[in-house]
Amino acid sequence: MSNDHGNDDQPEGEARAAEAQATADTERPLVGANIRARRRQLGMTLQQLCDRAELSVGYLSQIERDNATPSLATLAQIATSLGVGVDYFIAQPKVEDALTRASDRPQFSVGGSSIIYERLGAEFPGNTLSGYIMHVPPGYVSETVHHEGEEIIYVLEGTITQFLDGETLTLRAGDCLHYRGNRPHAWSNPTEEPARLLWTGTLTLFHSATGSPAGPADDSY
């Protein structure tokens, strides 16, 4: 008997990932030119920025030429080194209040990355956490990074492989990992199915409308 259901049999996870991809297609700015312009504005050489952001010259050069797409964490390292927030390089998702609804939560991506982010956190005096739901396509592999702060990854759907300080861990739906950001880490989705992750961390990724970091307002920041 023929199957007349067509796309009705498409796995729910794939359908959700496809919808998220379509929503974010119009929010994919190329970040390289803006990074280069900001660096030159500060009179900083490529090597100086690499030293501050702890990146290789070759990799940063590829990013500036938009031949490589940095992860959100790497972009945060670059932004911090240049004295700005990530929102300097990409369109900042709207934050209307502390409540986000699943049906209308802002979604975005970084440059040509295939990762779709849903921003969960809000800005208020003293906040230190950032939170995102990440839609990860099959076959995705991140670069290895290390940075200040902490991270928690909770797998909502699918399977990922986490590389942490020389160890390889397999995380499935319901699994959670909490670690310090200064430990070298990377991750991938080695499966043929999309994955969804809840990521929270203490990286300052966005600046407020006043240009101040979205973190503690006192001088201890």
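Annotations
- Test: residue in the range 94-110 that is modelled with pLDDT under 90 and under 29 Å from Gly43 (Cβ atoms): yes
- Subset of the range 105-123 (residues that are closer than 21 Å to Thr80 by Cβ and touching a helix residue (DSSP H, G or I) at 6+ places or on another chain (Cβ under 9 Å)): Phe108, Ser109, Val110, Gly111, Ser113, Ile115, Tyr117
- For the range 27-43, the criterion of being more than 25 Å from Gly149 (Cβ to Cβ), buried (at least 20 other Cβ atoms within 10 Å of the Cβ) and at pLDDT below 85 is met by no residue.
- Val141 being surrounded by fewer than 19 Cβ atoms within 10 Å (Cβ to Cβ), among the aliphatic types (A, V, I, L, M), closer than 16 Å to Leu72 by Cα and touching a residue at least 12 places away in the same chain (Cβ under 8 Å): yes
The values are calculated or read from the model by the stated rules, or taken from the named source; none is laboratory data. All of these numbers come straight from a predicted model, not from anything done at the bench. As a convention, Cβ positions derive from the backbone with ideal geometry for all residues, glycine included, and neighbour counts pool all protein chains shown.
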